[in-house]
Every structure is written in structure tokens, then in C-alpha cells.
Amino acid sequence: MSYTDQTLYAIYQSGVRFVDDMNKTDIFFEEGKVEVPTPTSGDASAIFAGWYDRTTGKLITDPSTYTVEGKGALFEALWKQLAIEDVTVLYYDRTKLPTNTQIGIGFSYTNTGNVNLTGLKATLSSESEYVRMLKGELQLGRLSAGLSSTNNSRFATKSKQAVRGEANTFRFIVSDSAPAGTVLPFTLTITNDKGDSWTHAFELTVR
């Protein structure tokens, strides 16, 4: 019986590789000049945070400062991205808000990027003359990449969470001078401790 040598050989090629899963790009530079890519996204909620090499722990935020070290590197694109999802009016129909009554609002949100977000804070504002904000700022803390939470969840989870309870909710009052059917515009903004922000606009209606 003849014997066949089935040994597998790996061919190693030195160079620098940049992989961006969001844009589905994979760029490789062989030895020589390396031009660090500057990726962009059509999604306004995605903020590019740099290139990261998990092996060495090196982070590139300024392409002009990068110099190749050793025989090469593998960098992945870091994206800060957050989705504000369900905005929930507690106890009332969002199309039939009462006047002269304290109203609470909660929301759910997800870290859809691949970077942990820290120092998160939410603010609610309205340009309507009929809205008086009682509590327009909430502290949210930290949210790891790929996890979801709400304005008052004790723990973040991999699956989307429903808004429950009155703790740590926005509070406002609609003036009794607001005509029935008045549409009230609101803007919910979440910021992190790096100065990045994500906004979600929505409307509520006076009954």
C-alpha cells in the first residue's frame, strides 16, 4: 500500500493587516510603506474609535503616528455605536397624554458597537412651550459591547429588555393650556464620558 504525505504547510507573509467587520473590508500591506485606512460609515450612530491590535494592545487613533514594529500586525476597527430603542410612556397612551399631570418616560438601548461605553448619561428635552421638565437627566453608567439595558435595569443582558418600573425615569408635565391634539416634540440624547452622543427624536400627543 502506497503512502501519501499529507503534511500541511503554512505560508507566513509578514505585513500589516486592517480588518473592519462593519464595512466588510480587509486590507493588507506587505513590508514597506503602510497607509493606515480611515474608515467611514453610512450609519450616523457609528463613531470610529481607532485600530486595535489585540496581540500587542496597540491602539492607533492618529494614522500619522503609526510606525511598523516587528514583522507585522493585525488591527481591527473599533466602533462606538449605540441604538436608542423603545421609548415608553408609563401608564398613559403616548397619543393621549393628560395635562397638568406628572408623566414618566423610560427607554431601552443597546451597545451595538464593539467598544465598551462608560459614563453614560441620558437627557430629555422638548422645544414645546407646553412641556415643563421635572427630571430631564438620568445617570446610566456603563454598557459593555453587545449588551442591552433600560433606564433602570439592574443588569445588562444580551437580549433586548422591556421598560419596567418608575425608578430613574424622566418626568415632565404638560400644561393645561395645551390644546387637545397638540403634538409635542422630544429629543432623547445619550452621551458618554468621551463626549460622544447619540440622539433619538420622537413625538407625543395631548389628548
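Who wins for biggest fluctuation among 139, 102, 13 in a Gaussian network model of the chain, springs between alpha carbons below 10 Å? The residue with the greatest mean-square fluctuation here is 13.
Per residue, the average separation of C-alpha pairs within less than 8 Å and at least 6 apart gives the chain a relative contact order of 18 percent.
Under a Gaussian network description of the chain, with springs only between Cα atoms under 10 Å, the residue in 67, 112, 191 that fluctuates furthest is 67.
Charge tally for residue 186 (other residues, Cβ to Cβ under 10 Å; Lys, Arg +1; Asp, Glu -1): -2.
Only four residue types carry charge here, +1 at the Cβ of Lys and Arg and -1 at the Cβ of Asp and Glu. Report the dipole size of the chain about the Cα centre in Debye, rounded to the nearest 20.
On the way: 20 positive and 23 negative charges, 171 e Å.
Taking the Cα centre of the chain as origin, the dipole is about 820 debye.
Our coupling estimate for region 175-190, obtained by passing each phi through the Karplus curve with A = 6.51, B = -1.76, C = 1.60 and θ = phi - 60°, is 4, 6, 8, 6, x, 4, x, 5, 8, 9, x, 10, 10, 9, 10, 10 Hz, Gly and Pro reported as x. Note on the chain: with a GNM built from Cα contacts shorter than 10 Å, the maximum mean-square fluctuation among 60, 105, 47 falls on 60.
Radius of gyration (Cα atoms) of the chain, expressed as a multiple of 2.2 N^0.38 Å: 1.45.
Of the residues 170, 100, 150, the one whose Cα sits farthest towards the positive end of the charge dipole of region 82-205 is 150 (charges of +1 on Lys and Arg Cβ, -1 on Asp and Glu Cβ, taken about the Cα centre). Neighbours of residue 197 by Cβ distance under 13 Å: Lys/Arg scored +1, Asp/Glu scored -1, total +1. Over region 82-205, all Cα pairs binned in 5 Å intervals from 0 give whole-percent P(r) values of 2, 11, 22, 23, 17, 11, 8, 4, 1, 0, listed from short to long.
Annotation for residue 44 and residue 139: the two label points, set 7 Å from Cα along the Cα-Cβ direction, are 3.0 nm apart. Using the Cβ of residue 167 as centre and a radius below 13 Å, the other residues enclosed give a net charge of +3, where K and R count +1 and D and E count -1.
Counting Cα-Cα pairs of region 15-81 in 10 Å increments starting at 0 gives whole-percent bin shares of 21, 57, 19, 3.
The mean sequence separation of alpha-carbon pairs under 8 Å and at least six residues apart, normalised by the residue count of region 15-81, gives a relative contact order of 42 percent. Once the chain from residue 189 to residue 85 is taken as fully extended at 0.36 nm per residue, the excess over their C-alpha distance is 36.2 nm.
Here, each number is a calculation from the coordinates, and none is a lab measurement. Fair warning: this is a prediction, and the values are worked out from it, not measured in the lab. Counting neighbours? That spans all protein chains shown, and the Cβs are built from the backbone with ideal geometry, glycine included.
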